[in-house]
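The values are calculated or read from the model by the stated rules, or taken from the named source; none is laboratory data. Given the structure is predicted, the values throughout are model-derived calculations rather than measurements. Virtual Cβ from ideal backbone geometry, glycine too; neighbours counted across all protein chains shown.
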Amino acid sequence: MKLNLNKNIFDYIVFLKLFDGILGVLAGLTVYFVKKESVLKFVYWLFQHELTEDPNDFFINKFFSWLNILSLSTQNFIAIYLFINGLLKIFLMSMLLKNKPWAYPVTGYLMVFMVGYQIFRIFHSHSLVLVGLTILDIIIIYLIFDKYNKFLDGREGIS
């Protein structure tokens, strides 16, 4: 029995992106329905021990400052973005798991677009987490197009 490492990695990553989509939908709903004041109270409760030790903690105070200036329209935008992005991931990853041929190029090109946006955000936020996620997305894009090209060449079946 030959073990196809690319297929196994591909399937695991698609499942991870599917789970990410589910989390995105849940996060979008949470951001939309939970009031900012409740989030502030929860975050304060979460970090109150840290704040008693160091009331001038840069990161926690920066986060509180960001939450305080978050407008309702920005909160709604974030919620809708997370929700739609999550639904799109759930749908596309489900189609990839079902080996729908049209889902490979659609997902690949949408991910290329999203990686372009992520790179733009990296230059503004300098987020190492976003760098890591972008690298993971580039690997996924490679695996998607690799599998699709093998299908087009007749080397691998996609139903």
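Checking each residue in segment 44-63 for being in contact (Cβ under 8 Å) with a residue 12 or more places away in the chain and over 19 Å from SER127 (Cβ atoms) picks out TYR44, PHE47. Screening segment 65-116 for residues that are surrounded by fewer than 12 Cβ atoms within 10 Å (Cβ to Cβ) and among the aliphatic types (A, V, I, L, M) and picking the one that is nearest to the chain's Cα centre (by Cα) gives LEU72. Condition first: charged (D, E, K, R) and in a helix (DSSP H, G or I). Now tell me which residues in segment 29-52 satisfy that. Residues satisfying the conditions are LYS36, GLU37, LYS41, GLU50.
Could you list, ordered by first residue, the pairs with Cβ atoms under 6 Å in which the first is in segment 19-31 and outside the structural domain of MET93 (by TED's automatic domain parsing) and farther than 22 Å from LEU67 by Cβ and the second is among the polar types (S, T, N, Q) and surrounded by fewer than 17 Cβ atoms within 10 Å (Cβ to Cβ), at least 6 apart or interchain? The qualifying pairs do not exist here. With respect to being without any contact (Cβ under 8 Å) to a residue 12 or more places away in the chain and not hydroxyl-bearing (Ser, Thr, Tyr), PHE83 falls outside the description. Screening SER65 against (1) in the same structural domain as ASN8 (by TED's automatic domain parsing); (2) at pLDDT 80 or above; (3) not charged (D, E, K, R) leaves a single unmet condition, (2).
Among the conditions (1) in a helix (DSSP H, G or I); (2) farther than 19 Å from ILE90 by Cα, the only one that PRO55 does not satisfy is (1). Taking the criterion of being surrounded by 14 or more Cβ atoms within 10 Å (Cβ to Cβ) and among the hydroxyl-bearing types (Ser, Thr, Tyr), the only residue of segment 31-49 that qualifies is TYR32. For segment 121-139, the condition of being at pLDDT below 95, within 13 Å of ASP20 (Cβ to Cβ) and surrounded by 17 or more Cβ atoms within 10 Å (Cβ to Cβ) holds for at least one residue.
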